[in-house]
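The values are calculated or read from the model by the stated rules, or taken from the named source; none is laboratory data. It should be emphasised that the depicted structure is a prediction, and the values quoted were computed from it without experimental measurement. Here the Cβ is made from the backbone with ideal geometry for all residues, glycine too, and neighbour counts use every protein chain on show. We work out accessible area using only protein heavy atoms, side chains counted, and drop any ligands, DNA or RNA first. Shrake-Rupley method; radii C 1.70, N 1.55, O 1.52, S 1.80 Å.
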Amino acid sequence: MNWSVRPEPFATPDATRLRRDYYAEVAGRYWRRPATEAEIDEGLADDPPDHLAPPTGEFVVGRYGDGGVAASCGGVRLLDAATAELTRVYVSPAARRTGGGAALLAALEDAARRFGAHRLVLDTRLDLVEARGLYAKRDFREIPAYSSGPYSEIWYGKELTVPSGR
């Protein structure tokens, strides 16, 4: 399947729908029940876009197929001059195992390089097994905790290399 991953403003209809889907899935798994619309609204209200916009971050949306169906999203933000963090990495369940996760992570890694980062980090939960599998396939390795919070259970990092020809 053909994927195209490009920067997109945080509040476009497709980006908003994907962020809602992301929050519904991760919150529902955490609570072990479906998240309500009110809970999703509340969670997104605490999710300001300011750190996912240039010059220190970027939000991307992935589209697949001939119709350009928006089915993945993710963000990257600089933590310091050399380290960028991945956040809100999501591929819709219907589009998983189609190459969308790899395309999404490649675009986020490229964005981190453009911002000058040499290392990527992220935190996630143990129950998000699909995401953890994707990170492992893309050469992320478990690292010591660099952050804390109720949803941080495992941390990953990856050294970024400059692609040949650049």
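Restricting attention to segment 51-90, the residues being of a type in the set (A, V, I, L, M, F, W, C) and open to solvent by 20 Å² or more (accessible area, probe 1.4 Å) number 7. So, in segment 5-16, of the ones that are assigned to a helix (DSSP H, G or I) and open to solvent by 30 Å² or more (accessible area, probe 1.4 Å), which residue ends up farthest from residue 104 (Cα to Cα)? The extreme case among them is 13. Quick check on this structure: which one of 159, 109 is in contact (Cβ under 8 Å) with a residue 40 or more places away in the chain, surrounded by 17 or more Cβ atoms within 10 Å (Cβ to Cβ) and acidic (Asp, Glu)? None of the other options fit; the residue is 109. Answer yes or no as to whether residue 19 is at pLDDT below 95, of a type in the set (D, E, K, R) and surrounded by 14 or more Cβ atoms within 10 Å (Cβ to Cβ). Judged against the criteria, residue 19 is not a match.
You will find that of 132, 29, the residue that is touching an Asp or Glu at 6+ places or on another chain (Cβ under 6 Å), over 20 Å from residue 4 (Cα atoms), assigned to a helix (DSSP H, G or I) and not polar (S, T, N, Q) is 29 and no other.
Of the residues 44, 104, which single one is crowded, with 17+ Cβ neighbours inside 10 Å, touching a residue at least 24 places away in the same chain (Cβ under 8 Å) and touching a Ser or Thr at 6+ places or on another chain (Cβ under 9 Å)? Residue meeting the stated conditions: 104. Exactly one residue among 134, 126 is under 12 Å from the mean Cα position of the chain (by Cα) and either β-branched (Val, Ile, Thr) or open to solvent by 20 Å² or more (accessible area, probe 1.4 Å) (or both), and that residue is 134.
Are any of the residues in segment 127-137 of a type in the set (Lys, Arg), modelled with pLDDT of 95 or more and within 30 Å of residue 66 (Cβ to Cβ)? The answer is yes, given that some residue of segment 127-137 is of a type in the set (Lys, Arg), modelled with pLDDT of 95 or more and within 30 Å of residue 66 (Cβ to Cβ).
For (1) in a helix (DSSP H, G or I); (2) among the basic types (Lys, Arg); (3) touching a helix residue (DSSP H, G or I) at 6+ places or on another chain (Cβ under 7 Å), each residue gets a yes or a no:
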site	(1), (2), (3)
33	no, yes, no
48	no, no, no
51	yes, no, no
55	no, no, no
58	no, no, yes
72	no, no, yes
75	no, no, yes
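Close contacts from segment 11-32, counting a first residue that is within 16 Å of residue 47 (Cα to Cα) and a second that is among the acidic types (Asp, Glu) and open to solvent by 60 Å² or more (accessible area, probe 1.4 Å), with Cβ to Cβ under 9 Å and a gap of 6+ residues or different chains, come to 20/37; 20/41; 24/37.
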